[in-house]
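Asks: Could you have a look at this structure, given as structure tokens, before my questions?
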Amino acid sequence: MSLAQSDQERLCMMNPLDHEEFRRQGHMIIDFIANYYRDIEKYPVRSQVEPRYLHKRIPENAPYNPEPIETILQDVQNHIVPGLTHWLSPYHFAYYPANASIAASLGEILCTGFNVDGFNWMASPAATELENIVMDWLGKMLELPESFLFLGNGGGVIQGTTGDAVLCTVIAARDQLLNRIGRENIVKLVVYGSDQTHCSLHKAAKIAGIHPNNVRSVKTTKSMAFALSPDSLRSEIISDMEAGLIPLYLCATVGTTSSGAVDPVGPLCDVAADYGIWVHIDAAYAGSACICPEFRHFIDGVECANSFSFNPHKWLLTNLDCCCLWVKDPSALVNAFSTDSEYLKNTATDSKQVVDYKDWQVPLTRRFRAIKLWLVLRSYGVVNLRNYLRRHVEMAKHFEGLIAMDKRFEVVVPRKFSLVCFRISPSARVNGCSADDEESTANELNCKLLKSLNDSGRVCMTHAIVGGIYMIRFCIGQPLTDYRHIEMAWKVVQEYTDAMLGTYLK
Ligand SMILES: *Cc1c(COP(=O)(O)O)cnc(C)c1O
């Protein structure tokens, strides 16, 4: 039996890296994404699909025969796009942002186009050296002390996420200490954060073999704007030491996930120094703002910390994923993560002139993320990156101004960056209820309001519960967001509140 001509053509595989075909299909994908950005406001911000919606639409098995890109892109439009929550929508105010930009998208294409695996210097010298260079550039933009830069014998590495950065530094700190006092003491090690510290610390402690009873979440209070108090930290440490435990690691946060609180870095480092504790500063979101002189003071004291990280993939126009981690003592990372494999040896490392980034992270393989960051820094320059961040903070102030004009609402915690935490205030209820019930009634109302906002698809926001208060988080940080989107979002909030409360107290 002979195959028809068209079947034969189909079965004869085109080279998967044919350059002309790459050009043709690549242009189609760029057009597709350009149209997506053009039309993004048309889509409901939060996906409105039901669980397992996609299983009903996609075949149970992979296709045996190849399919053309045209058909696949049709399916992306028809079946994938409805299941997306549109993080790049100008009406996406949920979580913290996940930024994208032309420069970073194109940098990502270069990264994936070259597809080098720069685990050590020899495996692609440009990948390692460009990473060294951009990490020093960015470190200088943040005015990190030279001790964190390669030029000062520290150094920076690009990790995937803050979770990776926290894990790597917990393990580096653990091994550095245990090598001195004996591995058997691992059961006595204690790590510290506040009740606002990101759960990355708990995950890292788990993986690092810290005893589950030895992870401290020091209580914060509304009166201290949910920042970690150095005095509270010190008393926890003292009582742990009296119990025969050994303090290991403190994760201080600049811009907490729930409410944007800032732990006082300098004073916390002073406490930690008294007990030889490794201090890591997690500035995942707010770190970007610290490239502006007027926000830099939030990381004052960083010179006394051991490590510092933030995510350009949140608020610095760099597509996922990109977390920048600096350490003062790279050998602490290298001692914890290096392995001695003959097949990875290279003379450049032996010369001590270069670093092998495989020893600064958990996996061996690593993407050429530095080229993406390099394109961002060069395409926008420090000046436009600063203006980008400032504009979001200005828009957040504008949003606060809108809230202030409607007596039914209040801003719950002082705003520092572009995150506004607000709620319908307990005094705005329709029918009077006892003072005891005021807070819980407010919590229910705000929960209901948020649900209707997100169900509408017109805006997307998320919530936090801090100190027993349910608050709606409104975080501005998307490149497409402009003043008109902020004003529209506020109108939507008021509309749904009117429907819930009547126009009482408006
Ligand atoms: C977002 C966030 C994280 C988690 O970042 P990943 O890169 O997703 O691991 C950690 N800490 C803080 C303060 C955050 O806001």
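The values are calculated or read from the model by the stated rules, or taken from the named source; none is laboratory data. A quick note: this is a predicted structure, and the numbers were derived from the prediction, not measured. No Cβ is skipped: glycine too gets one built from the backbone with ideal geometry, and neighbour counts run over all protein chains shown. Ligands, DNA and RNA are stripped out before the accessible areas are found, and what is left, the full protein with its side chains, is counted by its heavy atoms. Shrake-Rupley method; radii C 1.70, N 1.55, O 1.52, S 1.80 Å.
Asks: Do we have residue 198 as within 16 Å of the ligand (Cβ to nearest atom), free of Cβ contacts under 8 Å to residues at least 24 places away in the same chain and more than 30 Å from residue 19 (Cβ to Cβ) here?
Replies: Answer is no for this residue.
Asks: Could you check residue 256 against (1) within 28 Å of residue 156 (Cβ to Cβ); (2) over 22 Å from the mean Cα position of the chain (by Cα); (3) among the β-branched types (Val, Ile, Thr) and say which number it fails?
Replies: All conditions pass for residue 256, except number (2).
Asks: A further question on this structure: Exactly one of (1) closer than 20 Å to residue 377 by Cβ; (2) in contact with a Gly (Cβ under 6 Å, 6 or more places away or on another chain); (3) not aromatic (Phe, Trp, Tyr) is unmet by residue 154. Its number?
Replies: Tallying (1) closer than 20 Å to residue 377 by Cβ; (2) in contact with a Gly (Cβ under 6 Å, 6 or more places away or on another chain); (3) not aromatic (Phe, Trp, Tyr), residue 154 fails exactly one: (2).
Asks: Same structure, new question: Look at the stretch 128-171 and say how many of its residues are more than 22 Å from residue 298 (Cβ to Cβ), more than 17 Å from the chain's Cα centre (by Cα) and of a type outside the set (Gly, Ala, Ser).
Replies: Total meeting the criteria: 12.
Asks: How many residues, within the stretch 149-177, are away from the ligand (no atom under 13 Å from the Cβ), touching a strand residue (DSSP E or B) at 6+ places or on another chain (Cβ under 8 Å) and not charged (D, E, K, R)?
Replies: Number of matching residues: 11.
Asks: Okay, next question. Check residue 430 against each of (1) assigned to a helix (DSSP H, G or I); (2) modelled with pLDDT under 95 and name the one condition it does not meet.
Replies: The one condition residue 430 does not meet is (1).
Asks: So, one more: Do you know which residues across the stretch 65-76 are closer than 13 Å to residue 13 by Cα and open to solvent by 80 Å² or more (accessible area, probe 1.4 Å)?
Replies: 67
Asks: If you don't mind, another one. Say whether the condition of being more than 25 Å from residue 474 (Cβ to Cβ) and free of Cβ contacts under 8 Å to residues at least 40 places away in the same chain is met by at least one residue in the stretch 91-103.
Replies: no
Asks: Within the stretch 97-115, which residues are touching a Ser or Thr at 6+ places or on another chain (Cβ under 7 Å) and either part of a helix (DSSP H, G or I) or of a type in the set (Asp, Glu) (or both)?
Replies: 103, 104
Asks: Taking the conditions exactly as written (surrounded by fewer than 17 Cβ atoms within 10 Å (Cβ to Cβ), of a type in the set (S, T, N, Q), modelled with pLDDT of 95 or more and away from the ligand (no atom under 12 Å from the Cβ)), does residue 331 satisfy them or not?
Replies: yes
Asks: Of all residues in the stretch 242-265 being in contact with a strand residue (DSSP E or B) (Cβ under 7 Å, 6 or more places away or on another chain) and away from the ligand (no atom under 16 Å from the Cβ), which is nearest to residue 93 (Cα to Cα)?
Replies: Step by step, filter the stretch 242-265, then rank; the result is 248.
Asks: What single numbered condition from (1) within 28 Å of residue 145 (Cβ to Cβ); (2) at pLDDT 95 or above; (3) open to solvent by less than 60 Å² (accessible area, probe 1.4 Å) fails to hold for residue 390?
Replies: Result: residue 390 passes all but (3).
Asks: Tell me, which residue of the stretch 471-506 that is farther than 23 Å from residue 393 by Cα and not in a helix (DSSP H, G or I) is most open to solvent (accessible area, probe 1.4 Å)?
Replies: Within the stretch 471-506, the match that is most open to solvent (accessible area, probe 1.4 Å) is 506.
Asks: Ok, one more. For the stretch 407-417, state whether one or more residues are within 21 Å of the chain's Cα centre (by Cα), at pLDDT 95 or above, aromatic (Phe, Trp, Tyr) and more than 22 Å from residue 487 (Cβ to Cβ).
Replies: No - not one qualifying residue is present in the stretch 407-417.
Asks: Could you check residue 206 against (1) within 15 Å of the ligand (Cβ to nearest atom); (2) under 21 Å from residue 311 (Cβ atoms); (3) open to solvent by 60 Å² or more (accessible area, probe 1.4 Å) and say which number it fails?
Replies: All conditions are met except number (2).
Asks: Residue check: is residue 221 farther than 18 Å from residue 306 by Cβ, surrounded by fewer than 18 Cβ atoms within 10 Å (Cβ to Cβ) and either among the polar types (S, T, N, Q) or in contact with a His (Cβ under 9 Å, 6 or more places away or on another chain) (or both)?
Replies: Yes; evaluated as a whole, the condition is true for this residue.
Asks: One residue is enough: does the stretch 171-183 have a residue meeting the conditions farther than 14 Å from residue 277 by Cβ, among the acidic types (Asp, Glu), open to solvent by 10 Å² or more (accessible area, probe 1.4 Å) and free of Cβ contacts under 8 Å to residues at least 12 places away in the same chain?
Replies: No, the stretch 171-183 contains no residue that is farther than 14 Å from residue 277 by Cβ, among the acidic types (Asp, Glu), open to solvent by 10 Å² or more (accessible area, probe 1.4 Å) and free of Cβ contacts under 8 Å to residues at least 12 places away in the same chain.
Asks: May I ask you to list pairs of residues, at least six apart or on different chains, whose Cβ atoms are under 7 Å apart, with the first in the stretch 139-162 being open to solvent by 40 Å² or more (accessible area, probe 1.4 Å) and the second being within 16 Å of the ligand (Cβ to nearest atom)?
Replies: Taking only residues 6 or more apart or on different chains, the pairs are 161/321; 161/323.
Asks: Residue 292: more than 10 Å from the ligand (Cβ to nearest atom) and open to solvent by less than 10 Å² (accessible area, probe 1.4 Å), yes or no?
Replies: Spelling it out, residue 292 is indeed more than 10 Å from the ligand (Cβ to nearest atom) and open to solvent by less than 10 Å² (accessible area, probe 1.4 Å).
Asks: With respect to the numbered conditions (1) of a type in the set (A, V, I, L, M); (2) in a loop (DSSP other than H, G, I, E, B); (3) over 30 Å from residue 420 (Cα atoms), which one is the sole condition not fulfilled by residue 30?
Replies: Only one criterion in (1) of a type in the set (A, V, I, L, M); (2) in a loop (DSSP other than H, G, I, E, B); (3) over 30 Å from residue 420 (Cα atoms) is unmet by residue 30, namely (2).
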